[in-house]
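The structure appears below as structure tokens.
The values are calculated or read from the model by the stated rules, or taken from the named source; none is laboratory data. Predicted, not measured: the structure shown is a model, and the values here were computed from it. So basically every Cβ, Gly included, is an ideal-geometry build from the backbone, and we count neighbours across all protein chains shown. Ligands, DNA and RNA are excluded from the accessible area calculation, which covers all protein heavy atoms including side chains. Shrake-Rupley method; radii C 1.70, N 1.55, O 1.52, S 1.80 Å.
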Amino acid sequence: MPRQNWAGNVRYAARRFHRPTAVDELRRLVADSERIRAVGSGHSFNRLGDSRGDLVTLAGLPPEITIDRDRRTVTVAAGLRYGDVATRLHAEGYALANLASLPHISVAGAIATGTHGSGVANGNLATAVAALELVTADGELLRVDRDTDGDTFAGMVVSLGALGVVTRVTLDLLPAFDVRQYVQLDLPRAQVDAALGSAYSVSLFTDWRSPRIGQVWRKQRAEQPAPPPGWLGTTAADTPRHPVPGMPAENCTAQLGASGPWHERLPHFRLGFTPSSGDELQSEYHVPRAVAAEALAALDPVAHLIAPVLQICELRTVAADQLWLSPNHGRDSLAIHFTWIDDADAVLPVLAAVEERLAPFGPRPHWGKVFGMAPAEVAATYPRHADFAALLTRLDPTGTFRTDLLDHHFPR
Ligand SMILES: Cc1cc2nc3c(=O)[nH]c(=O)nc-3n(C[C@H](O)[C@H](O)[C@H](O)COP(=O)(O)OP(=O)(O)OC[C@H]3O[C@@H](n4cnc5c(N)ncnc54)[C@H](O)[C@@H]3O)c2cc1C
């Protein structure tokens, strides 16, 4: 098990690392631990999941994938990667509504932070969760279901990993579908909203060096017509692209309108490509989609600071939901994502400037990425923040799953 996150900017402080091979072994481990925390595939960029006690990976548990055709759900071992689940689902004629840009991310880790893809009608990945099973601080196995546990369930899905070790996740299914991906170049800023709402899942990429948006990645249902010539003032890319200009496109999912299965088009990157470690940092802020144009305009005065430390900025949309700690709670959202260069000293002052400019729009930072907003500012954007704090105290009274960053945002 790696001793650091994927990006290498967090070296885990944990004293011991565990890899149980059965849920009962995990239950004993948790019950006997003063401090323990689950780690997924390590794709977060901050210390939210880092424990001073022990870390446990679920990678050794049986890789269960059980489809319930009547309920149209699948129950999966929580440590599995989305890409592996998706491949199996597609073979059985099913799909998930959406996926993140990288298929290598674990299911439990993704839903714990409200990880999302794009699409004005698509909720984040946690909104597909119908039930959860987790090992709580006392070593008991707790199952919560959307249909029977109502509001509490809504508090437990985007959990920040703080309520227990999630062992199984039940996800809603759709019939499998095909997608075509088109890349369009040089979108005028005035067309951002129209572009984002134009297809099933749309991502815009900008380097903040030009008033136009460099690339539009349009992932459309295969039956939808191709964008016509001159669509929204863009030109069609005639070769495959990488989101970062100049980077090789062979690791990216198929483009140029080639029809293919949902799980081979909705992510930006192919499952078969192995991203060993990333020379990058990431930050992301969700603002209400209704103020998207104003929020982007507010960043214009700091574009000259952003551009030199940026690899690429991605704009996506996420539909509103009711999950207490979801960055999309109660708000249709624009997600403004920054892939920075791997130089924290250079990036952090720029991040502070970005946060200051976005502050009037009630930004909610991605829980798994680098951010510096004060806890009170973050809390103020979440109407159910205090309810989550109470849930934390009830389910984990002795702080078994607490970490320093969690304490910072949810003081005891
Ligand atoms: C290249 C790259 C691309 C990305 N693309 C996207 C994207 O498209 N959209 C997006 O929103 N984010 C994206 N992210 C961010 C990423 O999805 C989140 O940081 C996510 O939380 C990482 O999941 P993980 O499995 O790697 O978990 P980790 O980073 O290992 O852990 C994340 C959190 O989940 C908790 N956790 C993990 N497993 C469990 C468990 N079994 N039970 C309870 N808690 C658990 C941990 O304690 C921790 O708090 C990307 C990151 C990278 C590096």
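Condition check ((1) of a type in the set (Phe, Trp, Tyr); (2) out of contact with any helix residue (DSSP H, G or I) (no Cβ under 7 Å at 6 or more places or on another chain); (3) open to solvent by 50 Å² or more (accessible area, probe 1.4 Å); (4) not in a strand (DSSP E or B)) across all residues:
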residue	(1), (2), (3), (4)
Pro63	no, yes, yes, yes
Val85	no, no, no, yes
Leu99	no, no, no, yes
Pro103	no, no, no, yes
Glu133	no, yes, no, no
Condition first: more than 20 Å from Thr393 (Cβ to Cβ) and either open to solvent by 10 Å² or more (accessible area, probe 1.4 Å) or more than 10 Å from the ligand (Cβ to nearest atom) (or both). Now tell me which residues in segment 151-175 satisfy that. Arg168, Thr170, Leu171, Asp172, Leu173, Leu174, Pro175
So if I check each of His43, His18, which one is more than 9 Å from the ligand (Cβ to nearest atom) and either within 26 Å of the chain's Cα centre (by Cα) or open to solvent by 20 Å² or more (accessible area, probe 1.4 Å) (or both)? His18
Can you say whether Ile312 is at pLDDT 95 or above, away from the ligand (no atom under 16 Å from the Cβ) and buried (at least 20 other Cβ atoms within 10 Å of the Cβ), as far as the supplied structure shows? no
Run Val144 past the list (1) in a loop (DSSP other than H, G, I, E, B); (2) β-branched (Val, Ile, Thr); (3) away from the ligand (no atom under 12 Å from the Cβ) and report the number of the one that doesn't hold. (1)
Report, by residue number, each residue of segment 21-40 that is closer than 23 Å to Val10 by Cα and crowded, with 22+ Cβ neighbours inside 10 Å. Ile36, Arg37, Ala38, Val39, Gly40
List the residue pairs whose Cβ atoms are under 8 Å apart, where the first residue sits in segment 191-205 and is among the small types (Gly, Ala, Ser), the second is open to solvent by 40 Å² or more (accessible area, probe 1.4 Å), and the two are 6 or more positions apart or on different chains. Ala194/Leu232; Ala195/Leu232; Gly197/Val120; Ser198/Leu232; Ala199/Arg221; Ala199/Gln224
Hey, could you check segment 343-379 for residues that are in a loop (DSSP other than H, G, I, E, B) and under 16 Å from Ile306 (Cβ atoms) and say which is least open to solvent (accessible area, probe 1.4 Å)? Pro363
Filtering strands (runs of 3 or more DSSP E) wholly in segment 196-280 for at least 3 residues that are modelled with pLDDT of 95 or more, among the polar types (S, T, N, Q) and under 30 Å from Val302 (Cα atoms) gives 201-206
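Residue by residue, here is whether (1) in a loop (DSSP other than H, G, I, E, B); (2) modelled with pLDDT under 95; (3) open to solvent by less than 30 Å² (accessible area, probe 1.4 Å); (4) more than 14 Å from the ligand (Cβ to nearest atom) holds:
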position: Gly49; (1), (2), (3), (4): yes, yes, yes, no
position: Ala59; (1), (2), (3), (4): yes, no, no, no
position: Asp70; (1), (2), (3), (4): yes, no, no, yes
position: Val74; (1), (2), (3), (4): no, no, yes, yes
position: Ala108; (1), (2), (3), (4): no, no, yes, no
Candidates Val129, Val135, filtered to the one that is more than 10 Å from the ligand (Cβ to nearest atom) and farther than 17 Å from Lys219 by Cα: Val129
